[in-house]
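The next block holds one structure in the form of structure tokens; read it before the comments.
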Amino acid sequence: MKSYWKTNLRYLLILLIIWFLVSFGAGILFRESLDTIRIGGFKLGFWFAQQGSIYVFVILIFAYIKLMNTLDKKHGYNEDTND
Amino acid sequence: MSIQTWTWILVGITFTLYIGIAIWSRASSTKDFYVAGGGVSPLANGLATAADWMSAASFISMAGIISFGGYDGSVYLMGWTGGYVLLALLLAPYLRKFGKFTVPDFIGDRYYSNTARSVAVFCALLVSFTYVAGQMRGVGLVFSRFLEVDINTGVMIGMIIVLFYAVLGGMKGITYTQVAQYCVLIFAFMVPAIFISIQMTNNAIPQIGFGGVDENGVYLLDKLDQLHRELGFAEYTSGSKSTLDVFFITAALMVGTAGLPHVIVRFFTVKKVADARKSAGWALLFIAILYTTAPAIAVFSRTNLIETVSNKEYATVPEWFKNWETTGLIEFNDKNGDGKIQYIGDASLNELTVDRDIMVLANPEIANLPNWVIALVAAGGLAAALSTAAGLLLVISSSVSHDLIKKMIKPSISEKGELVAARLSAVVAVCVAGYFGIHPPDFVAATVALAFGLAAASFFPAIVLGIFSKRINKEGAVAGMVVGILLMLFYMTKFKFDWFGGGTKEDWWFGISPEGFGTVAMIVNFIVSIVISKFTAAPPKEVQEIVENIRIPSGVGEAYNH
């Protein structure tokens, strides 16, 4: 139980740091400097604020699902295995 | 066929579908009514959550807000999606494991106190009512513009439909109608976006298209920045809000999203903890489809609007312009009497005001798309408004029948009696919501965005601390929630309704707008909760065991009766 919870907290910390960096970091705080870089018609900071952060959010949740399903299995906390 | 005929056909088909689903999935127990029997699959729950979440504001207003605010609109894009990361990582799995019916249930049990429960019920009702009134207004708007019925009749029709499936089916009926409504709304949102993207940039994927070039080889975003500079508006890709304010508003919207009771409650409907995580993932994926398309629509419609009306003879404006003028949502005032439309940043010389809410609805017309596409958008807007209204009504009715009546006033009430009470409170809630839809108080528009601040300031800290700390006790949590919500209400009423001496932008604390103040109130809530808990007795042993227990995913069983 202790190690399960600790690992969970570590996952949360790492994922939330990424969550913070792509939105509050790239999309807001560092936007102006990132805006000097361009990808096609997009300024990079603007792209993170209106597109990129959202894509990363989706990936983060699916990464967490994957990590936790493995962790649950390792500790025998998974319920039915029929999916 | 005319737009109106098409609209009647499409709205008729979709409404018949919703009612059919409601009859097929009616609720027979309180468990059905509150949490759809607890057996919804993660995919279906993801779809339902997405529809529940995406309201008239997301479907009708958001792209318009971005269209007029440019970069400033990013707060909604990041705020309303980033909250799902918090929800999936910090709340949903644990609340599912806890396995009750409502958010006040969790607060009341975790903080072993009916005071905490009452505070939670009050916050849930406050948040849900401010939110639902806006939805009914959205229904009225669509009806009045596209079906040319009176806006009040539109609200009444919407009320009857929601009443039918929410009262009959409870959460079960709502869930499966929301699955259908998601399909309708996403189709309706994407079809015109794809059409216009092809028209303007030759790219069928709007998300990529708006970074592309127009027929002259100029990047669309550069062209728009250029137009904005010429007309004296703030540059599109930079916006006009301060970085600090953008930061705080985004944070308030994220945390508020994670604290909204009608969203949280959806995660009580799945079978197990792993499913709660999974449905949060699906939900965000389905939401992201619309949210990444909206900024593209914003750019397309902004460019189209400026090119169609700016400096054009008023006598030659297209038909859609006149149609929206009759609803009062577009206003032209020829200040210099030259017969041309001057649409410019300087308010004293600007001659055109366009209501932001019409951009999504008018967009297909502005781009000359076929009539059936325009009708489809109307049906999609209705789906978005109705699905959210139904989810909110369920929170309101379960707060009354379950949290107030069953848990506090009359615990001896039978299962049957509680079900009747739940249905009756749903009826009352629909009528109240309808009343606000027909007689919108001035504060509705101002407060829908603030509902997030209220949710952030009240629920989020209490729930997160309740899961991640065993030491937080009832004194701390209650004090935190009360201080948080009062502080938020104070700031909001001071700067939005001029109470407590009022104030202007210059008086904002640290330059933070009322929309962003939820973040401050949330931080205060956290601090108050932690400090007060430190100086008062630790929670009883049973409660600490509950906390231990919700951290482990297994042994959840069916959503149990209690």
remark   = Residues B:MET200, B:MET54, B:MET1 in order from fewest to most other beta-carbon atoms within 10 Å are B:MET1, B:MET200, B:MET54
request  = Measure up A:LYS66/B:LYS172; B:LYS312/B:LYS335; B:LYS271/B:LYS474; B:LYS97/B:LYS410; B:LYS278/B:LYS407 against 19 Å on the Cα-Cα distance and list the ones that go over.
outcome  = A:LYS66/B:LYS172; B:LYS271/B:LYS474; B:LYS97/B:LYS410; B:LYS278/B:LYS407
Calculated FRET value between B:GLU415 and B:TYR435, using beta carbons and R₀ = 30 Å, to 0.05 = 0.45
inquiry  = Nothing charged except the Cβ atoms of Lys and Arg (+1) and of Asp and Glu (-1): what's the magnitude of the dipole of segment A:9-72 about its Cα centre? Round to the nearest 20 debye.
reply    = 80 debye
query = Per-residue ellipticity at 222 nm for chain B, helices alone: DSSP H runs ≥ 4 residues times -39500 (n - 2.57), over residue total, nearest 500 deg cm²/dmol?
reply = -22500 deg cm²/dmol
task = Enumerate the whole-percent occupancy of each 5 Å bin, from 0 to the last occupied one, for all C-alpha pair distances of segment B:289-363.
result = 3, 15, 25, 26, 17, 9, 4, 2, 1
Stretchable slack from B:ASP338 to B:LEU244, in nm (0.36 nm times residue separation minus alpha-carbon distance) = 29.6 nm
query = How long are the semi-axes of the ellipsoid equivalent to the protein assembly as shown, from square roots of 5 times the Cα gyration tensor eigenvalues, in whole Å, largest first?
reply = 40, 28, 24
inquiry  = Between A:LYS73 and B:LEU424, how high is the FRET efficiency from 1/(1 + (r/R0)^6) when r is the Cβ-Cβ distance and R₀ = 51 Å? Nearest 0.05.
reply    = 0.65
request  = Within 10 Å of each residue's Cβ, count the other Cβ atoms and sort B:MET408, B:MET62 from fewest upward.
outcome  = B:MET408, B:MET62
request  = Report the one residue of B:ILE485, B:ILE512, B:TRP499 whose Cα lies farthest in the direction of the positive end of the charge dipole of segment B:445-513 (charges on C-beta: Lys and Arg +1, Asp and Glu -1; origin at the Cα centre).
outcome  = B:ILE485
inquiry  = Name the residue from B:ILE463, B:SER197, B:TYR71 whose Cα lies farthest towards the positive end of the charge dipole of the protein assembly as shown, charges +1 on Cβ of Lys and Arg and -1 on Cβ of Asp and Glu.
reply    = B:ILE463
task = Can you give me the three principal axis dimensions of segment B:316-360 from its C-alpha atoms, in Å, biggest first?
result = 27, 21, 14
ask   = For chain A, modelled as a GNM with alpha-carbon contacts under 10 angstrom, which of A:SER33, A:SER23, A:SER53 fluctuates the most?
value = A:SER33
ask   = Measuring from label point to label point, each 7 Å out along Cα→Cβ, what is the A:MET1 to B:ARG471 span in nm?
value = 2.0 nm
key: Hypothetical label at A:ARG38: residues of segment B:183-227 whose amide nitrogen lies under 13 Å (7 Å Cα-Cβ projection)   = B:211-214, B:217-226
task = Over the alpha-carbon set of segment B:150-245, work out the extent along each principal axis and list the three values in angstrom, largest first.
result = 55, 33, 33
ask   = Using only Cα atoms, what Kirkwood radius does segment A:9-72 have, in angstroms?
value = 12.5 Å
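In debye, nearest 20, what is the charge dipole magnitude of the protein assembly as shown about its Cα centre with +1 on Lys and Arg Cβ and -1 on Asp and Glu Cβ, if you could check?
2760 debye
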Leading residue at positive end of dipole, chain B (Cβ point charges), from B:PRO411, B:GLY12, B:ALA367 = B:PRO411
task = Could you please rank B:ASP403, B:ASP32, B:ASP214, B:ASP346, placing first whichever residue has the fewest other Cβ atoms within 10 Å of its Cβ?
result = B:ASP346, B:ASP214, B:ASP32, B:ASP403
ask   = Based on the Cα atoms of chain B, what semi-axes does the equivalent ellipsoid have, where each is the square root of 5 times one gyration tensor eigenvalue, given in whole Å with the largest first?
value = 41, 27, 21
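Within a 10 angstrom radius of each residue's Cβ in B:269-276, how many Cβ atoms of other chains show up on average? Whole number is fine.
The shielding value for this peptide is 3.
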note = Debye calc, one equal point scatterer per Cα of segment B:238-394, no solvent, log10 I(q)/I(0) at q = 0.09, 0.13, 0.14, 0.19 1/Å comes to -0.46, -0.86, -0.95, -1.28
inquiry  = Where in chain B is the longest stretch that carries no trypsin sites (Lys or Arg not before Pro) classed as loop by DSSP and with at most 14 other Cβ atoms within 10 Å?
reply    = B:1-334
request  = Could you grab the Rg to Rh ratio for segment B:416-530? Cα atoms only, Kirkwood for Rh.
outcome  = 1.08
ask   = Whats the longest run of chain B with zero chymotrypsin sites (Phe, Trp or Tyr not before Pro) that are DSSP loop and have at most 11 other Cβ atoms within 10 Å?
value = B:1-499
inquiry  = Using the basic label-point model (7 angstrom from Cα toward the beta carbon), what is the B:ASN152 to B:TRP8 distance in nanometres?
reply    = 2.3 nm
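No lab work stands behind these numbers, since they all come straight from the coordinates. From a predicted model like this one, the values you see are computed outputs, not experimental measurements. Ideal geometry is used to build each Cβ from the backbone, glycine not excepted, and the neighbour counts take in all protein chains shown.
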